[in-house]
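What follows is one structure encoded as structure tokens, with my remarks underneath.
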Amino acid sequence: MNFWETITGSDLTRECRAFEARAEALPPEYRAAWEQIKVHLSPHSDFTGRNLMPILDGVLGLLEEAAADGQSVHDVLGDDINGFCTALAGGEGARSHRGRWREKLNRNVAKKLGRLGG
Amino acid sequence: MDDLTEMLKGTLEGCVLHIIDSEETYGYAITRRLNELGFADVVEGTIYTILVRLERNGLVQVTKRPSGLGPPRKFFALNDAGRQELAKFWAKWEYLSSRIDMLKEGGR
């Protein structure tokens, strides 16, 4: 990754496009699962989404392997895609957008209260 | 048996370590092994997340091998740290199961 890519994130766009090309080759039910996984993983993204790239790459690999084996998506992922994504992103305590917002809110409220002498 | 998932959760990682210890293997085969044992609810995705965690924690050695069809498969073998972790798992399991048995045998 060179400086230009770091600043513009152009390497990410390219990587995303490569992922989508691979996803295109999957059977329809796998493609649908892929769309869902992306949605469920997005709250675990850091600011640029760079942290998700290796995870997405691995998941695509899993889907590709499983599709080649002829398994159904349900055999692979079960009912709990959200739980699967949370586990992938590093467990329940994974730092997510929502978690950071909550922390910030708590901090701000505490600050305000402190200033009011509450 | 239904609804085993919650109880199984904490021990699944140890089970996966044990399976990998007996021979180098891959995600799908591990899932099948557990299904055959009677854990029908275990899906490949669950095993995949465990394998990712084992890799991240440096307990396994990963080799990519070409497969007959589709992309190359990732094969997993335990390294020394993994074998130590497995020994710890069995020690904890012995402790837990012996205590629970005692509770059950003790009546009341």
Requested in this report: Would you compute, from DSSP H runs of 4+ residues alone, the mean residue ellipticity of chain A at 222 nm, taking -39500 (n - 2.57) per run and dividing by the full residue count, rounded to the nearest 500?
Outcome: -22500 deg cm²/dmol
Query raised in the report: So what's chain A giving for Cα Rg divided by 2.2 N^0.38 Å, two decimals?
Result: 1.37
Query raised in the report: To the nearest 10 degrees, how steeply does helix B:80-105 sit against the main Cα axis of chain B, on a 0 to 90 scale?
Result: 30
**Report entry** Förster radius 22 Å - calculated FRET efficiency between A:ARG100 and A:GLU29, Cβ distance, rounded to 0.05
**Finding:** 0.05
**Report entry** Residues with amide H under 5 Å from that of B:ARG73, placed H, sequence gap 5 or more
**Finding:** B:ARG65, B:SER67
Report summary line: Quick note on B:CYS15, A:CYS16, A:CYS85, ordering by fewest other C-beta atoms within 10 Å, gives A:CYS16, B:CYS15, A:CYS85
Query raised in the report: Relative contact order of chain B: what whole-number percent is it, with Cα pairs under 8 angstrom and at least 6 residues apart?
Result: 27
Query raised in the report: Which FRET efficiency, nearest 0.05, do A:ARG14 and B:ALA87 yield, Cβ-Cβ r, R0 41 Å?
Result: 0.35
Query raised in the report: If you plug each phi of the stretch B:60-74 into the Karplus form 6.51 cos²θ - 1.76 cosθ + 1.60 with θ = phi - 60°, what whole-Hz ³J(HN,Hα) values come out, in order, with x for Gly and Pro?
Result: 10, 10, 10, 10, 8, 10, x, 10, x, 10, x, x, x, 8, 8
Query raised in the report: Taking the alpha-carbon centroid of each part, what is the distance from the stretch A:1-72 to the stretch B:59-97 in angstrom?
Result: 25
Report summary line: Here, trypsin sites (Lys or Arg not before Pro) of the stretch A:1-101 satisfying both criteria (DSSP loop; at most 15 other Cβ within 10 Å) are A:ARG50, A:ARG95
Requested in this report: Within 10 Å of each residue's Cβ, count the other Cβ atoms and sort B:VAL16, A:VAL73, A:VAL39 from fewest upward.
Outcome: A:VAL39, A:VAL73, B:VAL16
Query raised in the report: How far is helix A:28-41 tilted off the main Cα axis of chain A, in degrees rounded to 10, range 0 to 90?
Result: 20
Report summary line: Stretched fully, the stretch from A:THR6 through A:MET53 gains (0.36 nm per residue minus C-alpha distance, one decimal, in nm) 15.5 nm
Query raised in the report: Under a 5 Å amide H to amide H cut-off, with H placed in plane at 1.01 Å, what residues pair with B:VAL60 once short-range neighbours are removed?
Result: B:ASN79
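Where a number appears in this text, it was derived from the coordinates with a stated rule and is not lab data. What you see is a predicted model, and the numbers here were worked out from it, not measured in a lab. Positions of Cβ are generated from backbone atoms using ideal geometry, with glycine treated the same way; all protein chains shown enter the neighbour counts.
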